[in-house]
Amino acid sequence: TEEGISDVTLYSWLKLCRQDGVPVPGNQPTADTWSPDAKLAVVIETAGLSEVERAAYCREKGLYVEQVHSWKAACLQGAAMQQGREKEALKQQRESSKTIKKLQAEVNRKDRALAETAALLVLSKKL
């Protein structure tokens, strides 16, 4: 190339960047070839752009604006699902804590009953 860098080196750099989720220009025939990390990076990079800037960005990357919109929707949906799972886990944790307290109370009650029974047996043997 003009800078004296071999094509093999450039292609290996592009490959490494794509694996790391860095959006790079190049031949991106379908949205399926982009990794989830790269899709998220594109969504983040385009979040603050105007429609005109976003369209220019997409042309530069070989994307359609609709793809970026669908990737954003998928990110938001994933975040909503994660939030739902976290709420469910918290609810499950509270229920587990209640169950543990109930079981501890039951064990304590049975321990007291057993101690009382043992005391009665000791007293009845002494008589």
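The values are calculated or read from the model by the stated rules, or taken from the named source; none is laboratory data. Just so it is clear, the model here is predicted, and its values are computed rather than measured. Methodologically, a virtual Cβ is constructed for each residue, glycine included, from the backbone with ideal geometry; neighbour enumeration extends over all protein chains shown. These accessible areas exclude ligands, DNA and RNA; they are computed on the full protein's heavy atoms, side chains included. Shrake-Rupley method; radii C 1.70, N 1.55, O 1.52, S 1.80 Å.
With contacts defined as alpha carbon pairs under 8 Å and 6 or more residues apart, what's the relative contact order of the chain in percent?
17
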Stretchable slack from residue 5 to residue 112, in nm (0.36 nm times residue separation minus alpha-carbon distance): 30.3 nm
Local electrostatic count, residue 54, Cβ distance below 13 Å [Lys/Arg +1, Asp/Glu -1]: -2
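Do the sum for the chain: with -39,500 (n - 2.57) for every DSSP H run of n ≥ 4, divided by all residues, what is the mean residue ellipticity at 222 nm, to the nearest 500 deg cm²/dmol? Intermediate results must be reported in sequence, preceding the final value.
On the way: 4 runs with 97 residues, N = 127.
For the chain, the value works out to -27000 deg cm²/dmol.
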J(HN,Hα) series, segment 87-103, from Karplus relation 6.51 cos²θ - 1.76 cosθ + 1.60, nearest Hz, glycine and proline x: 5, 5, 5, 5, 4, 5, 5, 4, 4, 5, 4, 4, 5, 4, 4, 4, 5
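Over all directions, how big on average is the projection of the convex hull of the alpha-carbon atoms in segment 30-101, in square nanometres? Walk me through the numbers on the way to the answer.
Numbers: hull surface 24.4 nm².
In nm², the orientation-averaged hull projection of segment 30-101 is 6.1.
Can you compute the FRET efficiency between residue 75 and residue 96 using 1/(1 + (r/R0)^6), with r the Cβ-Cβ distance and R0 = 35 Å? Round to the nearest 0.05. All intermediate terms of the calculation are to be shown ahead of the outcome.
Values: r = 31 Å, r/R0 = 0.89.
The pair residue 75/residue 96 has a calculated efficiency of 0.65.
Pop out the carbon and sulfur fraction of the accessible area of the chain as a percent, whole number, probe 1.4 Å. Walk me through the intermediate numbers first.
Working: 6020 of 10160 Å².
Ligands and nucleic acids excluded, carbon and sulfur give 59 percent.
Tell me, what is the per residue accessible area of the chain in Å², probe radius 1.4 Å? Don't skip to the answer; put the middle values down first.
Details: 10160 Å² over 127 residues.
On a per-residue basis, the chain sits at 80 Å².
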